[in-house]
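Visitor: Sharing a structure here in structure tokens format.
Throughout, read-outs are computed from the coordinates displayed, never taken from laboratory work. Predicted, not measured: the structure shown is a model, and the values here were computed from it. So basically every Cβ, Gly included, is an ideal-geometry build from the backbone, and we count neighbours across all protein chains shown.
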Amino acid sequence: MKILQGKLFKIGVFTIGSGFILGILGFAYAYFAVSIPDPNAFVNSQSTIIQYANGKEIGRLGSENRTVVKLANIPIHVRQAVMAAEDRNFYTQSAVSPVGIARAFFNNLKSGSLNSQGGSTITQQYAKTAFLTPERTITRKVKELIIAMKLQNQMSKDDILESYLNTIYFGRGSYGIQTASEVYFSKSVSQISISEAAILASILRSPGYYDPSYSKENTARLKARWQYVIDGMVSKEWLATDAAAKLNYPVIRERVTAGALAGPKGYVMSWVVRELEKLGFTESQLQTGGYVIKTTLLRKNQVAAVRAMDARGPKNTPENFNQALVSIRPGTGEIVALYGGKDYLVKQLNGATQSITQAGSSFKPFALVAALEQGIPLSSVWSGSSPQVFDDLGKPYPVFNYNNEQEGEIDLAYATAHSINTVYVPLGIAAGLENIVDVARRAGIPNSVALMPTPSISLGVSSPHVIDIAAAYATFAANGIYATPFLIKEVLGSNKGVLYEGKIQAQQVFQPDVMADLTYALSQGTKSGTGVAAARGVGRPIAGKTGTTTDNASAWFNGYTPEFATTVTMFMDNATQSLNGIGGNFAFTGGSFPAQVWNTYTKLAQRGMPATQFPEPAYVGGADPVSYLDAVPTLDPELAGKYESGATKKKKLAARQ
């Protein structure tokens, strides 16, 4: 029996010894077989930041919300709080914890898998987070240990800690200590207090278990964990006992539940991506490249656009209702504000840049410019009676004024201010329908927008994008200089090198004297015409034109100051569905909600800016107002003798200023 027991003991020792030797050999093989990726590759894979023109952040692109910071820029008390929570002997012990290995081995024997208990060193956690999947198996644990050991041989303790702090997940979509500081406390990591640092150090262990925004139970757990971290800092003599006793539990920012593209901001960010793709930047690059995208958007203007829509736009609108705003700096093409809709997560079609809708009377200035270029002055007199019938390729084309309003013989300036259809159709015929198309193209309406030289062109039957009309009115505001609209001002690489720089592309397309007369006429409509709602309380010169289509299916207000040209548009998904009744307005016109939004936007965007003046009107063609009457089919030749001279009209127009 003793002999048998001795043999069994020897067999057991041999088996254990053989297993140990095989384990050592297996680990040695794995050590050489497991390669370590570039330790910097994961950390340096970071979000692309989209900024306003002044460098303030709009939002981020990328699967991981991360901003890499140097260890030197992370306060020592922040580092100590993290070490107190996760690895108090980080600088003195090995990268691999024997206790952690024993625990992993025991758990594997017990259940065949690893659980999520703590014990791993900071180096092990970095190895797992940066280079491995979250699976809980013995194979993954062995790889973690091997990579941690190799990292220790390749990187200093400071480098490992820096990489860890820029890698670890803190919940709320934030990766790294800098982003976590912003998400939880709205401040940079360099400004984080000891109490706040202890909160971040506590949460990183398990955000879902400690983040107080998820449950009341989490609040209690976080406070206990916070105290544990503070006590750990005291025990390591990183924090004096009396100083610890004076610390207060900090106020944590509420969690924002919406996605990164929620709300109006999503339209800006998605359009930035589209523009970058045109420049050759791939989706993969934008997700991980760590670029800084500086846009032309002015934060003050963008905030003003959102506030104006929220405050002055209609309430309780149907799902198929759209509202958009584009504001452009005249002469440069820089888009300073862009509002594509209420919530990008609800509707991904950008109302400002992708949707199209009939322009209505927004097109009348193109006819006016064509007329001025042909020498037809603002002082010319026209019949404003309604209806009137015109010839359209041999077919009768009846034209009505809004609400069939009746006007007598009125000058062109008055007809513009009051948007008289029965004047603008014959004006377009007299100026030349092809000339109107040419003016629209020069002003900024792209070839992708169909323009037909028919009598209805002056009334805006074509359907441009909101940004197209905004660009055209920016041309008017710049005294005839068209500038291609652009949004991307600069692209910086992760090393801050300039990869792309936006350039102003501008050219003079209209004569300044024609633009001066146009601006004068459009300014009259904001004083006593259809656009008066846009002018209330603005306190500076403005010019603008309402746009309302048949049956009120779309409504526009297009206006400008010398500094900004802004278009506000509201329309339905169904191009023929009327807006009437939305927001309590039975008659939904360009002079209602769109003009109100434009008014509030302009007041907010230009608050504190000095008021500048428009050029004086030139009264183009005013010397001979009857020389073109034969070309105007609706005027009664017998009335020709009743027309005032150009000089008389000029005096009257000047007196009205």
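Visitor: What pairs in Lys128/Lys223; Lys294/Lys347; Lys223/Lys496; Lys300/Lys347 have C-alpha atoms more than 30 Å from each other?
Guide: Values: Lys128/Lys223 27 Å; Lys294/Lys347 25 Å; Lys223/Lys496 40 Å; Lys300/Lys347 25 Å.
Table pairs above 30 Å Cα-Cα are Lys223/Lys496.
Visitor: Oh, and also: Please report the net charge: other residues with Cβ closer than 15 Å to the Cβ of Val498, K and R +1, D and E -1.
Guide: Working: positive: Lys294, Lys489, Lys496, Lys503; negative: Glu490, Glu501.
After counting each charged neighbour, the total is +2.
Visitor: List, in order, the whole-Hz ³J(HN,Hα) value for each residue of the range 420-425 obtained from phi through the Karplus relation with A = 6.51, B = -1.76, C = 1.60 and θ = phi - 60°; use x for Gly and Pro.
Guide: 8, 4, 6, 8, 6, 5
Visitor: If you take all C-alpha pairs in the range 184-276, what percent of them are over 21 Å apart?
Guide: Values: 1981 of 4278 pairs.
Above the 21 Å cut-off, the range 184-276 has 46 percent of its Cα pairs.
Visitor: Distance cut-off 32 Å, Cα to Cα: go down the list Lys187/Lys265; Lys187/Lys236; Lys56/Lys150; Lys364/Lys603 and report the pairs above it.
Guide: Cα-Cα > 32 Å for Lys56/Lys150; rest within.
Visitor: Next up: In nm, to one decimal, how far is the Thr550 label point from the Glu434 one, both placed 7 Å along Cα→Cβ?
Guide: Going from the Thr550 label point to the Glu434 one covers 2.7 nm.
Visitor: Taking H as built 1.01 Å from N, whose amide H comes closer than 5 Å to the amide H of Thr121, not counting residues under 5 places away?
Guide: Amide H neighbours of Thr121: Ser97.
Visitor: Moving to a separate point now. Using a Förster distance of 56 angstrom, determine the FRET efficiency expected from the C-beta separation of Gln505 and Lys157, and round it to 0.05.
Guide: Working: r = 53 Å, r/R0 = 0.94.
E between Gln505 and Lys157, to the nearest 0.05, is 0.60.
Visitor: A follow-up question, please. Length gain on complete extension for the stretch Asn580 to Ser94, per 0.36 nm per residue less the alpha carbon to alpha carbon distance? Could the numbers behind the result be given before it?
Guide: Working: separation 486, 0.36 × 486 = 174.96 nm, distance 7.38 nm.
Roughly 167.6 nm would be gained on extension.
Visitor: If you stretched the chain out fully between Gln613 and Lys223, how much longer would it get, using 0.36 nm times the residue separation minus the C-alpha to C-alpha distance? Mind dumping the intermediate values first?
Guide: Values: separation 390, 0.36 × 390 = 140.40 nm, distance 6.06 nm.
Gain in length upon complete extension: 134.3 nm.
Visitor: While we're looking at this one, here's another question. Exposure proxy check: His418, His465 ranked by fewest other beta carbons within 10 Å?
Guide: With the sparsest Cβ surroundings first, the list reads His418, His465.
Visitor: Ok, one more. If you wrap a convex hull around the C-alpha atoms of the range 335-656 and split its volume per residue, what is the figure in Å³?
Guide: Numbers: hull volume 46.9 nm³, N = 322.
It comes to 146 Å³ per residue, whole-number rounded.
Visitor: Averaging over every viewing direction, what projected area does the convex hull of the Cα atoms of the range 475-617 cover, in nm²?
Guide: Values: hull surface 47.1 nm².
Reported value for the Cα convex hull: 11.8 nm².
Visitor: I would also like to ask the following. Grab the beta carbon distance between Lys246 and Tyr214, set R0 = 35 Å, and tell me the FRET efficiency rounded to 0.05. Spell out each step's value before the answer.
Guide: Working: r = 29 Å, r/R0 = 0.84.
Result of the calculation: an efficiency of 0.75.
Visitor: Given the peptides 205-215, 318-328, 439-449, arrange them by the average over their residues of other C-beta atoms within 10 Å, most packed first. Don't skip to the end; give the middle numbers.
Guide: Values: 205-215: 16.5, 318-328: 22.2, 439-449: 18.2.
So the peptides 205-215, 318-328, 439-449, ranked by packing, come out 318-328, 439-449, 205-215.
Visitor: Suppose R0 equals 30 Å; then what is the FRET efficiency for Glu319 and Arg274 from their Cβ-Cβ distance, rounded to the nearest 0.05? Please report the intermediate quantities before stating the final value.
Guide: Numbers: r = 24 Å, r/R0 = 0.81.
Computed FRET efficiency for Glu319 and Arg274: 0.80.
Visitor: Here is a further query. Can you work out D for the range 253-334 in µm² s⁻¹ from Stokes-Einstein, where Rh is the Kirkwood radius over C-alpha pairs, the temperature is 37 °C and the viscosity is 0.692 mPa s? If you can, show how the numbers build up before the last one.
Guide: On the way: Rh = 15.4 Å.
After rounding, the answer is 213 µm²/s.
Visitor: Radius of gyration and Dmax for the range 277-325's Cα atoms, expressed in Å?
Guide: When restricted to the Cα atoms of the range 277-325, Rg and Dmax are 16.5, 41 Å.
Visitor: Kindly provide the trypsin sites (Lys or Arg not before Pro) of the range 501-553 that DSSP labels as loop, not H, G, I, E or B, and whose Cβ sees at most 15 other Cβ atoms within 10 Å. Mind showing how you got there, number by number?
Guide: Details: sites: Lys503, Lys527, Arg536, Lys545; in loops: Lys503, Lys527, Arg536.
Sites meeting the loop and neighbour criteria: Lys503, Lys527, Arg536.
Visitor: Rank these for me by crowding, Trp238, Trp598, going from fewest to most other beta carbons within 10 Å. Write out the running numbers ahead of the final one.
Guide: Numbers: Trp238 18, Trp598 32.
Lowest count first: Trp238, Trp598.
Visitor: Cβ neighbours within 10 Å, averaged per peptide: list 241-247, 78-84 in order, most packed at the top.
Guide: Peptide ranking by packing, descending: 78-84, 241-247.
Visitor: Identify the residues of the range 333-366 with backbone N under 17 Å of a label point that sits 7 angstrom from the Cα of Asp392 along the Cα-to-Cβ direction, or state none.
Guide: 358-364
Visitor: Under a crude label model (7 Å from the Cα following the beta-carbon direction), how far is Glu237 from Leu345 in nanometres?
Guide: Taking the two extended label points, one gets 5.1 nm.
Visitor: Fewest Cβ neighbours within 10 Å first, please rank Leu459, Leu200 accordingly.
Guide: Numbers: Leu459 24, Leu200 28.
Starting with the residue having the fewest Cβ neighbours, the order is Leu459, Leu200.
Visitor: List the residues, sorted by chain then number, that are 5 or more residues from Glu334 or on another chain and whose placed amide H is less than 5 Å from its amide H.
Guide: The answer is Arg329, Phe486.
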